[in-house]
Amino acid sequence: MDREACNVVRERKNMQSQSVSIIRYESPRKSVRKAVELACGLDHMPSQARVMIKPNIVFWTRAVDFPKWGVITTSRVVEDIVILLKEKGAREITIGEGTVFLDPSDRETSQHAFTSLGYDVLQKKYGVRYMSFWDRPFQKMDFGDGIGLSVNTDILESDFVVNLPVMKTHNQTIVSLGIKNLKGTIDIASRKKCHCEGEQMNLHHMVSRLADVMPPMLTLIDGIFTNERGPSFDGKIRRSNLLVASSDVLSADMTGARLLGYFPSEIPHLVHAAAHRKRLLDFTDIDLKGIDIDQAASRHEYDFQYTDDPMNSLPLPLAKMGIKGVSYRKYDLSMCTYCSGVNGLVLSAIRYAWKGRPWDGVEILTGKTMKPTPGMKKTILLGKCMYKANRDNPDIQEMIPVKGCPPKPSDIVKALHQAGIDVDPGLFENMDSLPGFFLGRYVDKPEFDPLLFQVLHD
């Protein structure tokens, strides 16, 4: 054995093993307790701790009910962890989240989400508080490598954090687990900054650092329901009955990624996080407990398929419809949450507007980095970032800008009409109701129990 190989073996022997539990969810209270205790997940929580619980509420609407399974942390898991924290002597428990809405001034929808998920009942039963991070201050933090992001002050000042992500894949970061869930603790400007343009300093690199400034933390991944092609309600949701717990967020995420069918080395932000922490990605420093990881793993696709031409110019389902004369390139890492929120709606509107007659050389650009294609007759620049990047580009014959951040639905409709794509304005006027159409996939199927998102009074 050569010297380099000997050094690797020696380093591995000296590594402290990280405990991770993988448990089948079988019953309220017992399953979460088993997962946390098997991973010794609360052993490092300080006495009389002030605890912040960070669930995943990636989306909410007051207009209609919509599929929450695999999208939002189940209230069952939230209540079960509250019970454990109370038993451990937590002095103060707060639930906090920073859900992004198309209207940045919207405060009512956050409250509606908290109430609908039963957090007011948790308040009455256990004295738990809850908050929207948008109502609270943020603090600028130095993450190194020139990365400065503003993080919610309340979570930074907590003695302990319980991170409750959902087990899902993600169309930009491949998986969305514990580290990615912490993106919900930073302010809007910081989230936009995460979707930066550099080849090295990009979304993967930025996300990889989010856990670095957190207090001691338990990560409990809620995989009762898992989400393929997430992170939202338009993914394919499965009943998987999995819980993953660890006091080390990277170890939890490596395990969650493997359960979703990916090796950690395939997930760029986990590769960055491991390198930064001088960790290996081969599980040699992880002590897995509970059920067998390989038997429990199931491949969840993350990507939406586009045409295989050099520009990936249309989603494959639209291309198969025979749609011609419009190019809507595949999103990249620079498209932030606001434009992502309307991306699917614009594509749906184009699909419904297709009447079999080709449009006249229309191109729609998103994100921050796309450049126009020479020869296209009309170029829609969707969003403030895209407008700023290409407003003086000589390859544009007719520019149709949508300058808002977030882009206004009415402005999107005007732009598409100007380009000759006669979309139905009603789709945009009633966009809050569209998520309800996805509910039909799951209603009346017993495995998709809505009671898992409620907290019952005693």
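The values are calculated or read from the model by the stated rules, or taken from the named source; none is laboratory data. Note that the structure is predicted; figures quoted are calculated from it, not measured. Neighbour counts are summed over all protein chains in view; Cβ atoms, including those assigned to glycine, are modelled from backbone coordinates with ideal geometry. The protein model used for the area step is the full one, side chains on, heavy atoms only, and it has no ligands, DNA or RNA in it. Shrake-Rupley method; radii C 1.70, N 1.55, O 1.52, S 1.80 Å.
Across all directions, the shadow cast by the convex hull of the range 334-382 built on its C-alpha atoms averages 3.8 square nanometres. In this structure, the pairs whose alpha-carbon distance is over 31 Å, taken from Lys68/Lys192; Lys86/Lys192; Lys278/Lys330; Lys124/Lys236; Lys86/Lys180, are Lys86/Lys192; Lys278/Lys330; Lys124/Lys236. Calculated accessible area for the chain comes out at 43 Å² per residue, all protein chains present (probe 1.4 Å; ligands, DNA, RNA ignored). Here the accessible area of the range 142-217 is 44 percent carbon and sulfur, with a 1.4 angstrom probe and all protein chains present. For the range 37-192, the share of DSSP beta bridges that are antiparallel, to the nearest 5, is 45%. For the range 122-218, the convex hull drawn through the C-alpha positions has a volume of 115 cubic angstrom per residue. Sequentially through the range 420-433, phi angles give Karplus couplings (6.51, -1.76, 1.60; θ = phi - 60°) of x, 9, 7, 6, 7, x, x, 4, 7, 5, 10, 4, 5, 8 Hz, Gly and Pro residues having no value and appearing as x. Normalised by 2.2 N^0.38 Å, where N is the number of residues, the alpha-carbon radius of gyration of the range 290-394 equals 1.30. Taking the longest Cα principal axis of the chain as reference, the axis of helix 337-353 is set at about 50 degrees.
Using a 1.4 angstrom probe on heavy atoms only, work out the carbon and sulfur share of the accessible area of the range 382-450 in %. Answer for the range 382-450 is 49 percent, counting heavy atoms of protein chains only.
Measuring between their Cα centroids, the range 247-320 and the range 232-246 lie 14 Å from each other. By the equivalent-ellipsoid construction on the alpha carbon gyration tensor, the chain comes out with semi-axes of 38, 26, 21 Å, ordered largest to smallest. Mean residue ellipticity at 222 nm from the helices of the chain, using -39,500 (n - 2.57) per DSSP H segment of n ≥ 4 over the full residue count, to the nearest 500 deg cm²/dmol? Per the formula, -8500 deg cm²/dmol.
Only one residue of Met335, Leu149, Ile224 has its Cα farthest out toward the positive end of the dipole of the chain, where Lys and Arg carry +1 and Asp and Glu -1 on Cβ, and that residue is Met335. The 3J(HN,Hα) values that the Karplus relation (6.51, -1.76, 1.60; θ = phi - 60°) gives for the range 176-192 are, in residue order, 10, 9, x, 5, 4, 4, 6, 4, x, 9, 9, 7, 4, 4, 5, 5, 5 Hz. Gly and Pro appear as x. Placing unit charges on the Cβ atoms of the charged side chains and taking the dipole of the range 170-269 about its Cα centre, the candidate lying farthest along the positive direction among Met254, Pro268, Ser176 is Ser176.
Pairs exceeding 29 Å between alpha-carbon atoms, taken from Lys193/Lys445; Lys320/Lys377; Lys320/Lys414; Lys30/Lys193: Lys193/Lys445; Lys30/Lys193. Net charge dipole, the chain: roughly 220 debye, given to the nearest 20, about the Cα centre with Cβ charges of +1 for Lys and Arg and -1 for Asp and Glu. Think of the range 347-417 as having a plus end and a minus end, set by charges on the Cβ of Lys, Arg, Asp and Glu; of Pro374, Tyr352, Tyr387, Tyr352 sits farthest toward the positive end of this dipole. The mean sequence distance of close C-alpha pairs (under 8 Å, at least 6 residues apart), as a share of the length of the chain, puts its relative contact order at 18 percent.
Counting pairs of alpha carbon atoms under 8 Å apart in space and at least six apart in sequence, what relative contact order in percent does the range 346-458 give? If you can, show how the numbers build up before the last one.
On the way: 145 pairs, mean separation 23.3, N = 113.
RCO, the range 346-458: 21 percent.
For Gln18, the residues whose modelled amide H falls within less than 5 Å of its own, excluding neighbours fewer than 5 places apart on the same chain, are Ile286, Asp287. How big is the antiparallel share of DSSP beta bridges in the chain, given as a percent to the nearest 5? Within the chain, antiparallel bridges account for around 40 percent of the total. Across the range 248-265, computed HN-Hα scalar couplings (Karplus, 6.51 cos²θ - 1.76 cosθ + 1.60, θ = phi - 60°) run 10, 5, 5, 5, 4, 5, 4, 5, x, 4, 5, 5, 7, x, 10, 6, x, 5 Hz from first to last residue, x flagging Gly and Pro. Centre-to-centre separation between the Cα atoms of the range 122-191 and those of the range 60-119: 13 Å.
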